[in-house]
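Notes for the one structure printed next.
The values are calculated or read from the model by the stated rules, or taken from the named source; none is laboratory data. Just so you know, these numbers come straight off a predicted model, no measurement behind them. Glycine also receives a Cβ, built like all others from the backbone with ideal geometry; neighbour counts cover every protein chain displayed.
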Amino acid sequence: MLNLTINGKPCQAQEGSTILEAARQNGIHIPSLCYLKDVHQYGTCRICVVEVEGMRNLQASCMVKAKEGMVIHTNSPKVRAKRKVLYELLISNHPKDCLSCARNQSCELQALGEELGVTEARISGEMGPAHVDVSPSITRDTSKCILCRRCVTVCNQIQEVGAINAQHRGFDTVISPAMGLPLNSTACAMCGQCVSVCPTGALTETDAIKPVWKALEDENKVTVIQVAPAVRAALGEEFGMPTGTRCTGKIAAALHALGFDHVFDTDFAADLTILEEGTELLHRLKAALTGGQAVLPMLTSCSPGWIKHIEHAFPTELDHLSTCKAPHTMMGALVKSFYAEKEGIDPAKMYMISVMPCTAKKYEVQRPEMEVHGRRDVDAVLTTRELARMIKAAGIDFANLPDEKFDDPLGLCSGAADIFGVTGGVMEAALRTVYELTTGRELPFEGLHVTPIVGLELVKEAAITFENVLPEYSFLEGVTARVAVTSSLKGADILMRDVAAGTSPYHFIEVMGCPGGCINGGGQPRNREEGYREKRMQALYNEDEAKTLRKSHENPDLLDLYKNYLGEPCGHKSHELLHTTYTA
Ligand code: HC1
């Protein structure tokens, strides 16, 4: 441990800490803007400056390591005056349209001005480069960019995609794809991790609120809305509820209150995905184990950022992807076929909305593959943050809503579906079903949790041996299936290099595009709380464990759907509605 003096108080800090980290370890707040925990810092904004005795200039505390015996002042008159000037320089070429900015009241730059006590803007200057780039998922407004480079850090270091970087020099510096290309013409996966960390309105999700309000107001439209698994573990944060509060029932109530005609749960379609994807895996394994042709490992296909990434980075490996669409597009296809027929609704009048923790889903629903007979599966995607804005605009007191249920018959789900929203959840859900359907016995893990793949590590793996299988699955007897799980595109690349080289030891790999899975999607509430991902993860596991129905293949409404409409998993009707293929 290091011994320091901060603001006249003796403190201790871990070896290797920066001054900023040392202060935080001792409960001392230093204002910051560009700082991102656990990644390389650029120290661009310098708002976190402090005075260190014996050093002539003020130091950016996020860049300077704490040393034994250091005497630090985080709140001296000199420090406060410097921070104010630095802030005024930052806003000297920043638009002053806060009242109509998408980040009004949630802007870190705005909040910092309040914290620093800035009440005037004494410095005014030429405005920097202004350019608005609207992609299907992400809108970039360079006039609002303060060049903090948080987005550059997540794109290059956490995701390792490298779609954006600082271009040009000096006053002309702009954060942009190379050669000023629009995001949609680059390898950007639309994951929105950059949007999550942007402190201002420079990076936002591309708006879907306006078209959704319009659909709600249109008497000729039948509005149908569904909610992704991870939304229920995070939406409450937008209404002051503690991180990790489960609010499934309140979400159903809010959507009814907003006036949507039918309110369904994407989790139902997650259960459906497990039956389809599990069956596809068994078909591939059977072919491979009985001397036929099969492409293994099979890769999950429900994360659209991941799909876009594999298309850019490993275009020769697309046949490893499961042919299953994502659960929410499966739901859209079902609503406009099965449900429309059942209720006698003209599917042309249906307007299907998905509430997703993900910005890439906005791009996904516009892909040519996501339609059946010329009818789009999903018409609009709202992020979790956008739904919160609609609930607030409607004056709904979300935190005090009584719980309601999703509508029948596409609203019932198992606990296996709930955990889709966290890394490892899709794999665990699939194993619960595949193991039990082939052996007649429950998955042999305590509490049904495949513990080696539970948690937020970059790459996880597990092995499971099939013994005493049912006669029709004799090809599996004695086989040890090896599975791997990763979340983030950096992790995907690690596993995909072996897949591309033909040396991957796995049979099945789950990939989610965002670190931690959908709980940490680019459309989720922005949260800087220590351990927020763990709390959201726990919320989904708690949701699962609170149910008696915890396996997809036991969902009674899903079994009815197969009996009365789809026939069998991976059958003709399923292929027409629920599967697709990707071509580079
Ligand atoms: Fe996800 Fe999925 S889990 S991709 O992470 O398969 O976005 O939550 O909706 O479709 O079910 C996201 C979450 C989500 C799909 C499901």
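Listing for the model above:
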{"read-out": "Criterion (touching a residue at least 24 places away in the same chain (Cβ under 8 Å), more than 9 Å from the ligand (Cβ to nearest atom), of a type in the set (Asp, Glu) and touching a strand residue (DSSP E or B) at 6+ places or on another chain (Cβ under 7 Å)) met by exactly one of GLU311, GLU277, GLU317", "value": "GLU277"}
{"read-out": "Any hit, the stretch 326-334, residues being out of contact with any Asp or Glu (no Cβ under 9 Å at 6 or more places or on another chain), within 10 Å of the ligand (Cβ to nearest atom), touching a residue at least 40 places away in the same chain (Cβ under 8 Å) and not hydroxyl-bearing (Ser, Thr, Tyr)", "value": "no"}
{"read-out": "Filter result for ASN7 (at pLDDT 95 or above and within 26 Å of LEU109 (Cα to Cα))", "value": "yes"}
{"read-out": "ALA416 being within 16 Å of the ligand (Cβ to nearest atom), in contact (Cβ under 8 Å) with a residue 12 or more places away in the chain and closer than 30 Å to GLU534 by Cα", "value": "yes"}
{"read-out": "Residue ranges of helices (runs of 4 or more DSSP H) in the stretch 136-242 with at least 1 members buried (at least 16 other Cβ atoms within 10 Å of the Cβ) and within 16 Å of the ligand (Cβ to nearest atom)", "value": "193-197"}
{"read-out": "Residue match in the stretch 56-70 (condition: of a type in the set (Lys, Arg), over 28 Å from VAL152 (Cα atoms) and in contact with a strand residue (DSSP E or B) (Cβ under 9 Å, 6 or more places away or on another chain))", "value": "yes"}
{"read-out": "Residue match in the stretch 345-359 (condition: away from the ligand (no atom under 16 Å from the Cβ), part of a helix (DSSP H, G or I) and closer than 30 Å to MET298 by Cβ)", "value": "no"}
{"read-out": "Boolean, ASP261 is of a type in the set (D, E, K, R) and either surrounded by fewer than 19 Cβ atoms within 10 Å (Cβ to Cβ) or free of Cβ contacts under 8 Å to residues at least 40 places away in the same chain (or both)", "value": "yes"}
{"read-out": "Meets criteria (closer than 24 Å to HIS572 by Cα and surrounded by 18 or more Cβ atoms within 10 Å (Cβ to Cβ)) for ALA252", "value": "no"}
{"read-out": "Given (1) surrounded by fewer than 22 Cβ atoms within 10 Å (Cβ to Cβ); (2) away from the ligand (no atom under 16 Å from the Cβ), number of the condition VAL483 does not satisfy", "value": "(1)"}
{"read-out": "Number of positions in the stretch 502-536 that are assigned to a helix (DSSP H, G or I) and within 16 Å of the ligand (Cβ to nearest atom)", "value": "7"}
{"read-out": "In the stretch 289-313, residue surrounded by the fewest Cβ atoms within 10 Å (Cβ to Cβ) [restricted to those that are part of a loop (DSSP other than H, G, I, E, B) and in contact with a Lys or Arg (Cβ under 9 Å, 6 or more places away or on another chain)]", "value": "GLY292"}
{"read-out": "Residue in the stretch 561-572 that is in a strand (DSSP E or B), at pLDDT 95 or above, in contact with a His (Cβ under 8 Å, 6 or more places away or on another chain) and more than 16 Å from the ligand (Cβ to nearest atom) present", "value": "no"}
{"read-out": "Any hit, the stretch 259-273, residues being more than 16 Å from the ligand (Cβ to nearest atom), farther than 26 Å from SER106 by Cβ, among the charged types (D, E, K, R) and out of contact with any helix residue (DSSP H, G or I) (no Cβ under 6 Å at 6 or more places or on another chain)", "value": "yes"}
{"read-out": "Residues of the stretch 211-246 classified as over 19 Å from the mean Cα position of the chain (by Cα), closer than 20 Å to LYS392 by Cβ and among the charged types (D, E, K, R), total", "value": "2"}
{"read-out": "Members of the stretch 542-556 found to be part of a helix (DSSP H, G or I) and within 14 Å of the ligand (Cβ to nearest atom), listed by number", "value": "GLU543, ASP544, SER552"}
{"read-out": "Cβ pairs under 8 Å, 6+ apart, first in the stretch 496-514 and crowded, with 21+ Cβ neighbours inside 10 Å, second polar (S, T, N, Q) and assigned to a helix (DSSP H, G or I)", "value": "CYS514/GLN193; CYS514/ASN520"}
{"read-out": "Pairs, first farther than 15 Å from ARG46 by Cβ in the stretch 85-100, second of a type in the set (D, E, K, R) and surrounded by 15 or more Cβ atoms within 10 Å (Cβ to Cβ), C-beta under 8 Å, six or more apart", "value": "HIS94/LYS144; PRO95/LYS144"}
{"read-out": "Exclusive hit being in contact (Cβ under 8 Å) with a residue 40 or more places away in the chain and closer than 26 Å to ASP557 by Cα, set ALA481, ALA429", "value": "ALA429"}
{"read-out": "Residue within the stretch 68-81 that is buried (at least 16 other Cβ atoms within 10 Å of the Cβ), at pLDDT 95 or above and within 30 Å of the chain's Cα centre (by Cα) present", "value": "no"}
{"read-out": "Only one of PRO444, PRO452 that is of a type outside the set (S, T, N, Q), farther than 28 Å from PHE264 by Cβ and part of a helix (DSSP H, G or I)", "value": "PRO452"}
{"read-out": "Criterion (without any contact (Cβ under 8 Å) to a residue 60 or more places away in the chain, in a helix (DSSP H, G or I) and more than 16 Å from the ligand (Cβ to nearest atom)) met by exactly one of TYR473, TYR435", "value": "TYR435"}
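Yes or no, residue by residue, for (1) of a type in the set (Asp, Glu); (2) at negative phi:
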{"site": "CYS148", "(1), (2)": "no, yes"}
{"site": "GLU160", "(1), (2)": "yes, no"}
{"site": "PHE171", "(1), (2)": "no, yes"}
{"site": "MET179", "(1), (2)": "no, no"}
{"site": "SER185", "(1), (2)": "no, yes"}
{"site": "CYS194", "(1), (2)": "no, yes"}
